[in-house]
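Shown next, in structure tokens, is the structure this report addresses.
The values are calculated or read from the model by the stated rules, or taken from the named source; none is laboratory data. This is a predicted model, so every value here is computed, not measured. Here the Cβ positions follow ideal geometry from the backbone for every residue, glycine too, while neighbour counts run over all protein chains shown.
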Amino acid sequence: PSDRFFDVALGAARRTPVDKPELCVHPFSMAHLNFDQAIIKIRSGDSRFGPSAYHFIRQSLDHSIARLERHGPEKKPAHVSGKELLEGFRDLAIKEFGPMAKTVLGEWGIFRCSHVGEIVFQLVQHGILGKSETDKPDDFQEIWTFSEAFESPFQPKPQTRKKRSSGWRSPTPKKSSPLRRSKPKNNLGKI
């Protein structure tokens, strides 16, 4: 369907340990680079994004697929839309980095949704991810700002004050209360 994005070779991705990636390519791709080699090649021509940015996008894709529970008994590649990937990206960044998410992503060169799309399409060009005929970078248009996504969840919520009812009065001190003045006793008249 046209609303779906990115074919991922789940079989290769699931069998390959995260710390030691081997071949993780789209099954219809001619490029046979491992993930780290692809990052080195991409960054030799465009160093705007740090190596960790590419790894985080890959983790975000896996996270998005897991969130959508798309990897059922069928062993065919999963499809994730650009919007679904952005939502998974935001969710994972908040889980991993909390209030520091915007800062960490900024250190990697990711400042807006379109940067996520640029990284994804660089990975597509190098055969790490696949795409359908209808997929395009515009699928990553700004659906939220990074301030909305990564600062707002950690801002204090405005507190609502309880209104006093019109019949509310402050309590009157009781006779035995130290706040109530007692009349001075005049013992002079009684002799």
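Got a sec? Which of S147, S64, S114 is modelled with pLDDT of 95 or more and not hydrophobic (A, V, I, L, M, F, W, C)?
Residue meeting the stated conditions: S114.
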Condition broken by I119, with the remaining ones in (1) under 16 Å from G50 (Cα atoms); (2) within 15 Å of the chain's Cα centre (by Cα) satisfied: (2)
Unique match (being part of a loop (DSSP other than H, G, I, E, B), at pLDDT 75 or above and over 24 Å from A38 (Cβ atoms)) among P158, P153: P158
Name the residue, out of F28, F5, that is within 21 Å of S132 (Cβ to Cβ), modelled with pLDDT under 70 and surrounded by fewer than 13 Cβ atoms within 10 Å (Cβ to Cβ). F28
What residue, of Q37, Q59, is at pLDDT 90 or above, assigned to a helix (DSSP H, G or I), surrounded by fewer than 20 Cβ atoms within 10 Å (Cβ to Cβ) and over 23 Å from the mean Cα position of the chain (by Cα)? Q37
Taking the range 82-115 on its own, how many of its residues are buried (at least 23 other Cβ atoms within 10 Å of the Cβ) and among the β-branched types (V, I, T)? 1
